[in-house]
Ligand code: SF4
């Protein structure tokens, strides 16, 4: 069955209108990507996906027990599969087990 061009155009416009009605925030959440370890900010902040991978003394700022999961910039309410958006990386996903030099302890 063939759809006439006028109907196809109408359906296309309906689709575009429906997409325009979806808040941009929905796309941002859907498009959230993990922080790339080669990202310049990740390198500048010394981000690692697993704090246990750091050697003793490798990071002077690293305090025992600190990791993304207990950092104030880790959006724990949006955590999924061990990752959540981080404020230091513009909302990109970081690993709960990770760490970087911007670590700030979450309020108890
Ligand atoms: S700011 Fe906090 S949550 Fe973000 S990468 Fe650094 S330690 Fe992890």
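Bear in mind that the values in this text are calculations on the coordinates, not laboratory data. What you see is a predicted model, and the numbers here were worked out from it, not measured in a lab. Cβ sites come from the backbone with ideal geometry, for glycine too, and all protein chains shown count toward neighbours.
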**Complete:** If we ask which residues in the range 90-105 are more than 16 Å from the chain's Cα centre (by Cα) and either part of a helix (DSSP H, G or I) or more than 9 Å from the ligand (Cβ to nearest atom) (or both), their number turns out to be 1
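Being without any contact (Cβ under 8 Å) to a residue 24 or more places away in the chain and surrounded by 13 or more Cβ atoms within 10 Å (Cβ to Cβ): is that true of residue 59 here?
Answer is no for this residue.
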**Prompt:** Does the range 64-89 hold any residues that are without any contact (Cβ under 8 Å) to a residue 12 or more places away in the chain and more than 13 Å from the chain's Cα centre (by Cα), and which are they?
**Reply:** 64, 65
**Complete:** Across the range 66-89, the tally of residues that are in a loop (DSSP other than H, G, I, E, B) and within 12 Å of the ligand (Cβ to nearest atom) stands at 6
